[in-house]
Every structure is written in structure tokens, then in C-alpha cells.
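Notes for the one structure printed next.
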Amino acid sequence: MLVLFETPAGYAIFKLLDDSKLSEVDNLYEDFATPEKASKIVKLKHFKKFADTTEALSATTAAIEGKLPKSLKKFLQGLKSDDIQDQLLVADSKLGSAIKDKLDFQCVSNTNVQELMRCMRSQLDSLLTGLPKKEMTAMALGLAHSLSRYKLKFSPDKIDTMIVQAQCLLDDLDKELNNYIMRCREWYGWHFPELGKIVSDNITYVKTVKLVGTRDYAIKTDLSDILTEEDEERVKEAAEVSMGTEISEDDITNIQNLCDEIISINEYRAHLSDYLKARMMAMAPNLSVLVGEHIGARLISKAGSLMNLAKHPASTFQILGAEKALFRALKTRKQTPKYGIIYHAQLIGQSSTKNKGKMSRMLAAKAALATRVDALGEDVTFDLGAEHKVKLEARLKLLEEGNFRMISGSGKAKAKFDKYHGVSEVKHYPAAADSTIPKKLKREHEDDEEPSQSEEVPKKKKKKSMTGATDEVKVEEPEVESPNKKKKKVKVEESVEEESPKKKKVKVEEEATEAVEEETPKKKKKKNKT
């Protein structure tokens, strides 16, 4: 069997002298304990040295990707011309399959082969004759450096590393600037507290402190380059009647040194912000136009890279940066957050509170599309981002006005949102529940009054006559006859029954006496039982 061994210096072909050692690899390390024992198991047959570091780098990168390098292909073709029929032991299975497809070699790659390679690597200096150890070490170091540079330069996921680092540094600078400015205000506020109320801008305050120094020199100092005329007069008037304490020259010197540091950091921050905008417009122009350079850079930094951000769906894009609130809402079974980092975008900031959720959802959908175009497109421009931004601004205007476009209409139709009117549900107490007549008797009376279904009851209509009495009108439904016969006319019979109010009272009294008579025998039976 032949063994293909890859080294930083070149390719080596070894001859396995004892094939039985490959099947028993549990104690194989004992056979490679010394160079003498190792030479009895494997023997160097061919060695091809790399011409330079470039050839070594190309061969290594091709082997990592599972491809057959050109140098290795020529080397193995020379072995094939010698009519070698032995099996070739290869460490990488992908490389073995590539050799088998192109050169028809019988390649073997398994755990036993990897164990054999590990034992050979321990005695590599003695097995590779004619190659000094110093030269081997230098070539290994050069190849390692070249390979690391190649990965850093050509990795598609690391192109936007500069954007991620610049945005992280910009956030750190903002935190430091905030701390330094608050320290300067508190420190100088003991001497001149009125200045903090007059000058609200932080950088302007720091520049004023640097120029004025102690408040005694405020009257003589020209502040026209920093402050307006009104603010300058107010500062000079406040300096004359200030309630602050007196400080020494050493104190004001340290405060002015702090002001110099704040001004220098602010200038570097402005330069870094311009650099970040230029990089974002080069890397992700559509995303920058939609959400802004800083928001886009924060999204890329949160996702890890532009390619990772392009893989996210719009729903993840919307809440990116609000993971803690999302998991807390899922745990407590409450409403999930509507926005994360995207909340600080200009379009969402312009919308009212009730429309922020809608705008964040629409902006996330468009930004997800723009990110995929930036990450995967060729010759990318910012036309797509500008077009989507115009559409979102028009949609925001419609939402703020309270109107929306009809989907099935011609595009010009608008309809106003219907106002919500609350309907109060009031339940009324039924008056029939106050009746003293038992329910059983009511049902019996109702059953008596209801006619049977088999009998056809004519409909009755009551009409009031001129004398005040009611007329009952019976209407007979017309019978369906054959078309030859004529339809009969509807006969109307009117029967007038006049009832006096005295007769009505008598009927009510009779019904009450009947109910009393039916209840009395029941009471007598109960008494007899007792």
C-alpha cells in the first residue's frame, strides 16, 4: 500500500511495508516510538517539494475545499505511469474521492488511516531524509502566515469587518464622551453653576469653559465665535453675581485639560462617523438609504456580518436588538416587542405612536429586501432603497391622515376609518317573572289555547270600529286550482262581538276560582298523610 502524506514542504509518498499494521492500530504508537521502528513500517518512495510559498498556499487551499491541486495531479500521474496497482491511503475522504474520479486510483480513507498518519507525523523528521529541520520549520511558518492572510482577505463573511469595528468604536466613544462631559459639568459647576443653565449644548459648554477659565475673566473674554450675542451677555452678567465657590489656578488648569480631551475625542468621533458613512454607502447603499448609516451599521454589527443579516427574515429584522424583551414576553405570555434597533430609524421617528408598529413592520420588510440585494447583488446602486423609501413615506402620510387606499380600486379611491362606537349591553328584568300564577298552570293554559298542528286555523285580524268595538276579521287562504279554472275570490267574514268591561272582569274571577279549587284537594291529601 502507498500512503499520501501532505507536508508544508511538499507531497510525500510512503510505502507501507507491513499491511497487517493497518488493521491493528490500537498499539500502533508503540511501533513508532523510535525512528528505527518507524523505518521498519513505512519507507519514503517519492517526494515532491513545493517551488515557493504561492504554490504551497494554492495546494493547501485546494485541499481544504476538497479539490485536486494541479501540482498533486501531475505528481500522481507520474506514479500512474509506473503501472502501480497498489491502494493509496489518503487522510481526507473528499480529496480521495477527487483523486479516484480523475485518476482512477483505489483510495482508502478511514479512522485506521488517520491513526497511521498521526503516528507518522510524530517521526516525520526522521522519515523525510534530505530535508533539514530548520528549513521544514520555516516553510511551515510561512505557509501558516500565508494561509491566515488568504482566509482574512478572501472570506466573504469578513468583508464588512471594518464596518462592525467602526460602529462598535463609535458607540464606545459616545459613552466615554458622555461620561467626560458630565464630569466636566459637575466639576466646573462648583465654581460657576449658572453657566450650565445658560449653555445647554455640551460641546459649546466645554469650549466656553476652556476659553473663560475662572469666572473673573468672563467679562474680558470674547465669546462671539462660540455663543450668540444674547447668550454672551447673559454669561457675563451671571459671572458677576455667581453663587459658586472660589477655586485655584491648578484646579482650573486640570478642568481645561479635560476640556481639551473632550474636544479632541469629539473631533475624532466626527471623522470616524464620516468614514463609517462612506463605508456603508459602498457596502450596503440600499440599506443605508432606507434606515440610515448608523442604524444599518448597528444591524450588521448585531447580526455579525452583512451576509448573516441578509439571511434573516423580515420578522427577525424587525425585533433585532430586543432579544431580552422578546424572551421575557414569551416567558410571561405577554405581548412581544414591535421593534428593536430599527426603532431609531427616521421613518419610525416621524410616525405617531399608534402607527409606529405598522411602520416598523413595513420598514423591516423593505429593509430585508434591500439587504439581500446589497449582499448578493452585483453592481449594486441605491435606486431600490430610494424607491422603497418614497413608497414608505407616502404610506406614512396616508396613515397619519387616517386614510387608506382600496386594494381593488383604481388607486385613487380613499375611504375613512369608521369611528368606533361603544354599545352598552343592559339586561332588563322580565316582568313575567313577578307573576303569582304557578308555571304548571301557565303551561296548561298555553297548551289549551294553542291549536293542534293538524287543524288549520284561519288568521285573525282585529279592526277597530267607529263605535270603539273590535272587529275580528277571518281571512281564508286561497286554494290552488288548475289553470283552466278561475281563482275563487277570497271570502271575508266579519263577526262583530262587543264585550263590555263587566264581562271581562267576570272571566278573570272565574279563572282564579278554578285555580284555587285545583290546589285545595292537593293540600287535603298532604294533611291526611300527616
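The values are calculated or read from the model by the stated rules, or taken from the named source; none is laboratory data. No experiment lies behind these values; they were computed from the predicted model shown. Heads up, the Cβs are rebuilt from the backbone with ideal geometry, glycines too, and the neighbour counts pull from every protein chain shown. Each accessible area value is taken on the protein alone, full model and side chains, heavy atoms only, with ligands, DNA and RNA left out. Shrake-Rupley method; radii C 1.70, N 1.55, O 1.52, S 1.80 Å.
Output the residues belonging to the range 1-33 that are touching a residue at least 60 places away in the same chain (Cβ under 8 Å) and either more than 16 Å from Arg118 (Cβ to Cβ) or of a type in the set (Lys, Arg) (or both). If the condition is that a residue be touching a residue at least 60 places away in the same chain (Cβ under 8 Å) and either more than 16 Å from Arg118 (Cβ to Cβ) or of a type in the set (Lys, Arg) (or both), then Met1, Leu2, Pro8, Ala9, Tyr11, Ile13, Lys21, Ser23 are the ones that fit. For the range 356-367, filtering for residues that are surrounded by fewer than 21 Cβ atoms within 10 Å (Cβ to Cβ) and either over 18 Å from Lys397 (Cβ atoms) or touching an Asp or Glu at 6+ places or on another chain (Cβ under 7 Å) (or both) leaves 1. Evaluation of Ser248 against the conditions (1) open to solvent by 60 Å² or more (accessible area, probe 1.4 Å); (2) without any contact (Cβ under 8 Å) to a residue 24 or more places away in the chain; (3) within 18 Å of Gly189 (Cβ to Cβ) shows that the sole unmet condition is (1).
Restricting the range 251-268 to residues that are open to solvent by less than 70 Å² (accessible area, probe 1.4 Å) and charged (D, E, K, R) leaves a set whose member that is modelled with the highest pLDDT is Asp260. All conditions but one from (1) open to solvent by 50 Å² or more (accessible area, probe 1.4 Å); (2) without any contact (Cβ under 8 Å) to a residue 24 or more places away in the chain; (3) of a type outside the set (S, T, N, Q) apply to Arg372; the one that does not is (2).
Residues in the range 221-245 that are free of Cβ contacts under 8 Å to residues at least 12 places away in the same chain and either in a helix (DSSP H, G or I) or of a type in the set (D, E, K, R) (or both) were compared, and the one that is surrounded by the most Cβ atoms within 10 Å (Cβ to Cβ) is Glu232.
Can you find even one residue in the range 319-330 that is assigned to a loop (DSSP other than H, G, I, E, B), under 12 Å from the mean Cα position of the chain (by Cα), surrounded by fewer than 21 Cβ atoms within 10 Å (Cβ to Cβ) and of a type in the set (D, E, K, R)? Checked the range 319-330: no residue is assigned to a loop (DSSP other than H, G, I, E, B), under 12 Å from the mean Cα position of the chain (by Cα), surrounded by fewer than 21 Cβ atoms within 10 Å (Cβ to Cβ) and of a type in the set (D, E, K, R). Among the residues of the range 191-220, those identified as under 18 Å from Thr253 (Cα atoms), more than 50 Å from the chain's Cα centre (by Cα) and open to solvent by 50 Å² or more (accessible area, probe 1.4 Å) are Asp216, Tyr217. Only residues that are part of a helix (DSSP H, G or I) and either open to solvent by less than 50 Å² (accessible area, probe 1.4 Å) or closer than 20 Å to Thr245 by Cβ (or both): list them for the range 177-190, please. Leu177, Ile181, Met182, Arg183, Cys184, Arg185, Glu186, Trp187, Tyr188, Gly189, listed by residue number. Total residues in the range 125-135 satisfying the condition of being assigned to a helix (DSSP H, G or I) and surrounded by 16 or more Cβ atoms within 10 Å (Cβ to Cβ): the figure is 1.
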